[in-house]
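The structure under discussion appears below in the form of structure tokens.
The values are calculated or read from the model by the stated rules, or taken from the named source; none is laboratory data. This structure is a prediction, so every number in the text was calculated from the model and none was measured. For neighbour counting, all protein chains shown are included, and Cβ atoms are generated from backbone atoms with ideal geometry for every residue, glycine included. Quick note on the areas: whole protein, heavy atoms, side chains included, nothing else; ligands and nucleic acids left out. Shrake-Rupley method; radii C 1.70, N 1.55, O 1.52, S 1.80 Å.
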Amino acid sequence: MCYDISFTVQIKELSDYFPDLIFDEQIEMDFTPVHIIGHAYGNHPVVYRNRDSGKLHCRLMEWGCIPFYIKDETAFKKQRATMLNARSEKILSDKKSYWNKIRNRRCLVPVTGFYEHREVKGFKNKIPYFINKKDEGLFFFPALYSVAELPDETTGEVLSRFTFTIITREANALMAQIHNGGTNKGRMPLMLDKAFTDLWLKDDLADEEYEEILAYSLQPEALDFTPVFSIRTNKEREDGKEKNEYFQWDGLPEIIL
């Protein structure tokens, strides 16, 4: 699955990909975190098509879907941990799933890379890797978003809460070797080429186009994969480097493609 991402470019660079993009007022233009943890349910810039104007907007949304029918956020907190990712196989085929209900609320999550952990024999802890697209500083995960009307816990004012989930699929030959352990092993975020990225935000996406996008698998040769130091810690690396920079693990076997 995908629970750790990176975003290390200025938000305004999204205009290079979407020239007519409208930035909502709450966007912080210097938002550039190296590591974003899904289970923190924090805000992230998301590109979506506004349903009133039909134009492309960018606004902050919380990672981790809250369904539109939820009225008690506290009671939903434990279940929310299961709403960070949506399996591509369920969106169209599982008519009872929440993902099927919001299948037309499509959006794009801009990233500069993501992190995944590899189980390696002889190592006590899993080895984290930073994965990014070759020659592309910025790319996008297709995602779905939800809007729930919930009271502010402090003021009681009812607010529209925009939340999103990242779509995952069966891993390619590279990611199957990295994400090789745990209950959700063998998964990776769905990553698209430019043509499919544009198509995902199309206003009237046909079912056959939707199916083609969900079936797409980015090939391993399109990705760079770098072993890094432990990412789920607030401690600075002793070498002073960022979390997404190379770290040499002695005895780490190579990944063979």
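Here is the figure for the stretch 119-150: residues that are closer than 25 Å to MET83 by Cβ and open to solvent by 60 Å² or more (accessible area, probe 1.4 Å) total 2. Is it true that GLU170 is open to solvent by 70 Å² or more (accessible area, probe 1.4 Å) and in contact with a strand residue (DSSP E or B) (Cβ under 9 Å, 6 or more places away or on another chain)? Here the answer is yes, as GLU170 does meet what is asked.
Restricting GLU28, GLU62 to those that are more than 17 Å from ARG161 (Cβ to Cβ) and either charged (D, E, K, R) or at pLDDT 95 or above (or both) reduces the list to GLU28. VAL158 falls short on exactly one of the conditions (1) under 21 Å from GLU212 (Cβ atoms); (2) of a type in the set (A, V, I, L, M, F, W, C); (3) loosely packed, with under 13 Cβ neighbours inside 10 Å; (4) touching a Pro at 6+ places or on another chain (Cβ under 6 Å), and that condition is (1). Checked across the stretch 236-257, the condition of being over 21 Å from the mean Cα position of the chain (by Cα), open to solvent by 50 Å² or more (accessible area, probe 1.4 Å) and closer than 30 Å to LYS90 by Cα holds for at least one residue.
Six or more apart or on different chains, Cβ atoms under 7 Å: show the pairs whose first residue is in the stretch 11-34 and within 16 Å of GLU62 (Cα to Cα) and whose second is charged (D, E, K, R). That search, which allows pairs on different chains as well, returns ASP24/ARG59; GLN26/ARG59; ILE27/ARG59.
Beta carbons closer than 7 Å, at least 6 apart along the sequence or on distinct chains, pair a first residue in the stretch 169-195 that is part of a helix (DSSP H, G or I) with a second that is open to solvent by 60 Å² or more (accessible area, probe 1.4 Å) and of a type in the set (A, V, I, L, M, F, W, C) for ALA173/LEU257; LEU174/PHE225; LEU174/LEU257; ILE178/PHE225.
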